[in-house]
Amino acid sequence: MRMKVISCRVMIDEMRSFLPADVETEVLEISRHIRPKQLKQELQSAIDRADGTCDVILLGYGLCSNAVVGLRARKSRMVVPKMHDCIGVFLGSHQAYVDEMNREPAFFLTQGYVRGYLSDHSGPADEFEKVAQRYGKEKAEKIVGEMMRPYKRLVYIKTVQATDLEADRQYAAAMASKFNMRYEEKLGTSELLRRMAEGKWDTDFVVVEPGREITLEDFLR
């Protein structure tokens, strides 16, 4: 079975550890999430390029603000985790994410997030500095600070594939301090990504046959 992976940077490192060496991957930066409609267009373009060159296109995304809704391949099957976003993937289920947020609102980081934010400067701290430089610190506090204020803690999710954890911890702790959050660590899982790479697509995945588009209902069943 020939596979192609189209993934957000957040998931790609963990996914690669389960993929055969010859599987082609295409990675999109985290900053694409800021504009879901544009992300949808870029994903569709990537799917169009891969369509028919492989049997299966694995999408390293969740629902992601409906960015995957409407995507279609005409010749290849598509598979995407049945999660609202990647945090549910790394916590093992969407319910695990809901439980964490109900316990106390949290902003989550993984190694993929840290590396992605460092790569394209799209993290909350980067956005704060961009607004501050353009409009002043008071405006940055009002816009970015208010956006981050509901989060009481910053939770760094560790996976077994993560390396150089100290660098991640320094980045995460600095962000927690900047936005007055309590820093925590939690052991995560890459089990869903392993099953995805190995073709074990059960009810935790949306499997879309050629010619059919991904729908919102696919994630609600």
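Couple of notes before you dig in:
- Hits in segment 55-64 - residues which are open to solvent by less than 10 Å² (accessible area, probe 1.4 Å) and modelled with pLDDT of 95 or more: 56, 57, 58, 59, 60, 61
- Restricted to segment 1-45, and to residues there that are at pLDDT 90 or above and among the β-branched types (Val, Ile, Thr), the residue that is farthest from residue 61 (Cα to Cα) is 23.
- Segment 83-136 - residue that is β-branched (Val, Ile, Thr) and open to solvent by less than 30 Å² (accessible area, probe 1.4 Å) and, of those, farthest from residue 13 (Cα to Cα): 131
- Considering segment 1-16, the residues that are in a strand (DSSP E or B) and hydrophobic (A, V, I, L, M, F, W, C) include one that is nearest to residue 71 (Cα to Cα), namely 6.
- Residues within segment 42-52 that are open to solvent by 50 Å² or more (accessible area, probe 1.4 Å) and closer than 14 Å to residue 75 by Cα, tallied: 2
- Count of residues meeting criterion [touching a strand residue (DSSP E or B) at 6+ places or on another chain (Cβ under 9 Å) and either farther than 17 Å from residue 115 by Cα or among the acidic types (Asp, Glu) (or both)] in segment 164-187: 10
- Filter result for residue 187 (within 20 Å of the chain's Cα centre (by Cα), without any contact (Cβ under 8 Å) to a residue 24 or more places away in the chain and open to solvent by 80 Å² or more (accessible area, probe 1.4 Å)): no
- Qualifying residue in segment 151-158 (condition: assigned to a loop (DSSP other than H, G, I, E, B) and either within 19 Å of the chain's Cα centre (by Cα) or of a type in the set (Lys, Arg) (or both)): yes
- Within segment 101-120, being free of Cβ contacts under 8 Å to residues at least 60 places away in the same chain, of a type outside the set (S, T, N, Q) and either in a helix (DSSP H, G or I) or farther than 16 Å from residue 158 by Cβ (or both) holds for 101, 103, 104, 105, 114, 118.
- Condition check for residue 19: open to solvent by less than 70 Å² (accessible area, probe 1.4 Å) and assigned to a strand (DSSP E or B): no
- Among the residues here, residue 39 qualifies as surrounded by 19 or more Cβ atoms within 10 Å (Cβ to Cβ), not in a loop (DSSP other than H, G, I, E, B) and not polar (S, T, N, Q).
- Hey, residue 180 on the phi > 0 side of the Ramachandran plot and modelled with pLDDT of 95 or more or not: yes
- The single residue among 197, 176 that is open to solvent by less than 20 Å² (accessible area, probe 1.4 Å) and in contact with a helix residue (DSSP H, G or I) (Cβ under 8 Å, 6 or more places away or on another chain) turns out to be 197.
- Lone qualifier among 73, 132, 96 - being touching an Asp or Glu at 6+ places or on another chain (Cβ under 7 Å) and either free of Cβ contacts under 8 Å to residues at least 12 places away in the same chain or small (Gly, Ala, Ser) (or both): 73
- Of 162, 67, all but one fail to be assigned to a loop (DSSP other than H, G, I, E, B), within 17 Å of the chain's Cα centre (by Cα), crowded, with 19+ Cβ neighbours inside 10 Å and of a type in the set (Gly, Ala, Ser); the exception is 67.
The values are calculated or read from the model by the stated rules, or taken from the named source; none is laboratory data. Quick caveat, the model's predicted, so the values are computed rather than measured. FYI the Cβ positions are ideal-geometry reconstructions off the backbone, even for glycines, and counts take in every protein chain you see. Each accessible area value is taken on the protein alone, full model and side chains, heavy atoms only, with ligands, DNA and RNA left out. Shrake-Rupley method; radii C 1.70, N 1.55, O 1.52, S 1.80 Å.
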